[in-house]
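Note sheet for the following structure.
The values are calculated or read from the model by the stated rules, or taken from the named source; none is laboratory data. In this text, all values refer to a predicted model and were calculated from it rather than measured experimentally. Cβ sites come from the backbone with ideal geometry, for glycine too, and all protein chains shown count toward neighbours. Quick note on the areas: whole protein, heavy atoms, side chains included, nothing else; ligands and nucleic acids left out. Shrake-Rupley method; radii C 1.70, N 1.55, O 1.52, S 1.80 Å.
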Amino acid sequence: MDENLAKARALLAAASRIAVLTGAGISAESGIPTFRDAMSAAGPPQGARPPGGERREATIGGDHVAGPPQGAGPPGGERREATIGGGHTAGLWAQFRPEDLATPEAFAANPKVVWEWYAWRRERVAKAAPNAGHTALANLERRAAHFALITQNVDGLHRRAGSRNVIELHGNIMIDRCFAEGRVLAAADELPGTPPRCARCGALVRPGVVWFGEMLPPKALEDAFAAAQGCDVFLSIGTSTVVEPAASLPFAALDAGASVIEVNPTRTPLSARATIVLAGAAGEVLPRLLG
Ligand code: OAD
């Protein structure tokens, strides 16, 4: 590890363009559970559909730079909180499968339930604080000539740690959007348990995350691939590298000639091809790598 750490530090010191991809693992030490670790611990719920969109091979379309394939859905990731059972899942929510809640169809059919579920998740995120990994990345940005931080996380902890150029591929759980027009809205006056209405068009207000079956924000996706393909060093941190299109980013960086450094306590589909693998928790490795 020490030898790899020294090599990685040297790569970063020589780089003028740095791109970073983060996943749920970087927020694990802030107390926000990752997706897939828990899924495998708890097992999928009875009758759960296969995790659509979670295999790199299964979801990546042809031209991913231009946008994700139509209907590429995020995720089974949200299943985490419903399957863990007991633990941090409020009893009320344990009876729901997240893939039945995190869809536009579910919101249209039962907005109150979906809104309440997100209110509960928002409360958890609001109580969490950035950790040493988030802070180390914010400090790196301050001294890098060109820097982009691409995240799959919806928790907003990178910005709260001081990161500026953050590309949120899967949206932000603390933001409200108009369900009809998609516009980002100022935080609405919320009555507990009731989704507010858009002041302009009267449609329901929804959380600003990417749901199953929805497109990723095209501009964010375009910026993410541009950063990956234009960098000298790409850091892939705390992501299982299985959910497309984000999972293609480190490979796009490699193909464009960048060095890729992976930080993760467990191996991923990227590990065999990464230039350097630093096996460990982000909150421990990143301060040593970037401090
Ligand atoms: P996953 O839960 O798939 O993967 C988390 C990764 O973090 C795993 O590879 C862990 O080994 C690693 N990890 C755990 N603790 C860590 C730590 N302390 N430091 C560093 N790494 C650690 O989460 P993502 O890859 O982010 O989509 O999942 C991608 C997407 O799938 C999510 O954004 C979500 C989900 O469907 C949406 O919600 C739209």
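Less than 5 angstrom separates the built amide H of V260 from those of F234, T275, I276, all sequence-distant by 5 or more or on a different chain. Among D223, D176, the sequence by solvent-accessible area, most first, with a 1.4 Å probe is D223, D176. A 1.4 Å probe over all protein chains sorts K7, K219 by accessible area into K219, K7, starting with the largest. Here L11 sits with roughly 50 square angstrom of accessible surface, probe radius 1.4 Å.
The Rg/Rh ratio of the range 132-181, with both radii computed over alpha carbons and Rh defined as the Kirkwood radius, is 1.06. Shown in residue order for the range 9-18 are the 3J(HN,Hα) couplings computed by the Karplus curve 6.51 cos²θ - 1.76 cosθ + 1.60 at θ = phi - 60°: 4, 5, 4, 5, 5, 8, 8, 9, 10, 10 Hz (x for Gly and Pro). With the whole protein complex present, C198 retains an accessible surface near 10 Å², based on a 1.4 Å probe. Backbone geometry of the range 166-180 corresponds, through the Karplus equation with coefficients 6.51, -1.76 and 1.60 at θ = phi - 60°, to 3J(HN,Hα) couplings of 10, 9, 9, 6, 10, x, 9, 5, 8, 9, 9, 10, 6, 5, 7 Hz, x marking Gly and Pro. Amide H to amide H distances under 5 Å link V242 with no residue, where only residues 5 or more positions off or on other chains count and H is placed in the peptide plane.
Each other residue within a Cβ distance under 13 Å of K127 adds +1 if Lys or Arg and -1 if Asp or Glu, for a net charge of +2.
For the set E105, E123, the ranking by accessible area, highest first and with no ligand, DNA or RNA atoms included, is E105, E123 under a 1.4 Å probe. I18 sits among other residues whose Cβ lies under 9 Å from its own Cβ, and their net charge, with Lys and Arg +1 and Asp and Glu -1, is -1.
3J(HN,Hα) along the range 255-266: 5, 8, x, 7, 8, 10, 10, 9, 10, 6, x, 10 Hz, from the Karplus curve 6.51 cos²θ - 1.76 cosθ + 1.60 with θ = phi - 60°, whole Hz, x for Gly and Pro.
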